[in-house]
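Notes follow the structure.
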Amino acid sequence: MPKDTMPFTASFLPRRTPRPDARVLIALILLCCGLEITLTLADFGLLGHERLRGMTYEYGGFWPGLLTGWTPNYTGQPYAMFLTYGFLHGGLAHLVVNMITLWSLGIAVIDRVGVRGFAILYLVSIFGGAAGYALLASGLQPMVGASGALFGLAGGLLAWMYVDRFTFRQGLLPVAQAIGFLVALNLVLWWAMSGQLAWQTHLGGFIAGWIAALLVDPRAFDPEASV
């Protein structure tokens, strides 16, 4: 099953307020951790049925075949999976990497546009990641993971960075370097994971996040002006 993974931080961005309200991030992290821990316990026969993970993927993962005539498990699954896949993971390592990244990028986004802006960007990016996988994935393998949304957060942060630096004529090389890093990261992970990386989800999430960020907050922010 292709997984999306997103080890990335947002330390290059300036802070503009005191510590942001992180409750929404904590809630998201607890939800994803709760689901994965439950599935892991089930894998070892310590909770529920040993097939719980497989059944959860069947009902909540993103299945391209459902867009080409497969019979869904429940009414609305071909639509719901555009959202539900983003809260499931392929193991504890996958979960930990994504949750650390979610905290880092999420704090930076909330710092810029608040909780409401973060929620919009996150949801749009989840759907964008699923759309990217639906359009570009060549097989019918299912996909799970939060990285469509995480790459969307990264795309949004880089979009704002681009606007800020372009507006104040600070040079765009850092933006190009960050994008180059993300491309290289995907290539390395794709090779390391023997092709089982949902790069299509990353690309779709990134593009959706970039566009959504400019709609949520198109204004440039000058860090020197707030001092």
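The values are calculated or read from the model by the stated rules, or taken from the named source; none is laboratory data. These figures come from a predicted structure and were not determined experimentally. Ideal geometry is used to build each Cβ from the backbone, glycine not excepted, and the neighbour counts take in all protein chains shown. Note: accessible area is taken over every heavy atom of the protein model, side chains too, but ligands, DNA and RNA are not part of it. Shrake-Rupley method; radii C 1.70, N 1.55, O 1.52, S 1.80 Å.
Numbers below:
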read-out: Lys/Arg +1, Asp/Glu -1 at C-beta; the chain dipole; positive extreme among MET193, GLY148, GLY54; value: GLY148
read-out: R0 of 35 Å, Cβ-Cβ distance ALA93-ILE120: FRET efficiency to nearest 0.05; value: 0.75
read-out: Positive-end residue, the chain charge dipole about Cα centroid, Cβ charges, pick of LEU182, THR68, ALA130; value: LEU182
read-out: Computed FRET value (nearest 0.05) for ILE26 with ARG169, which takes r as the C-beta separation and R₀ as 30 Å; value: 0.20
read-out: Accessible surface of TRP199 - all protein chains present, 1.4 Å probe, nearest 10 Å²; value: 100
read-out: For the chain, the longest site-free run once trypsin sites (Lys or Arg not before Pro) in DSSP loop states with at most 15 other Cβ atoms within 10 Å are removed; value: 52-168
read-out: Pair ILE100, THR75: separation of 7 Å Cα→Cβ label points (nm); value: 4.5
read-out: Nearest-10 value in Å² for the accessible area of VAL24, using the 1.4 Å probe; value: 40
read-out: Portion, in percent, of the accessible area of the chain that falls on carbon or sulfur, probe 1.4 Å; value: 69
read-out: The chain, accessible area per residue, ligands and nucleic acids excluded (1.4 Å, Å²); value: 49
read-out: C-alpha center-to-center spacing [the stretch 187-216, the stretch 16-72] in angstrom; value: 19
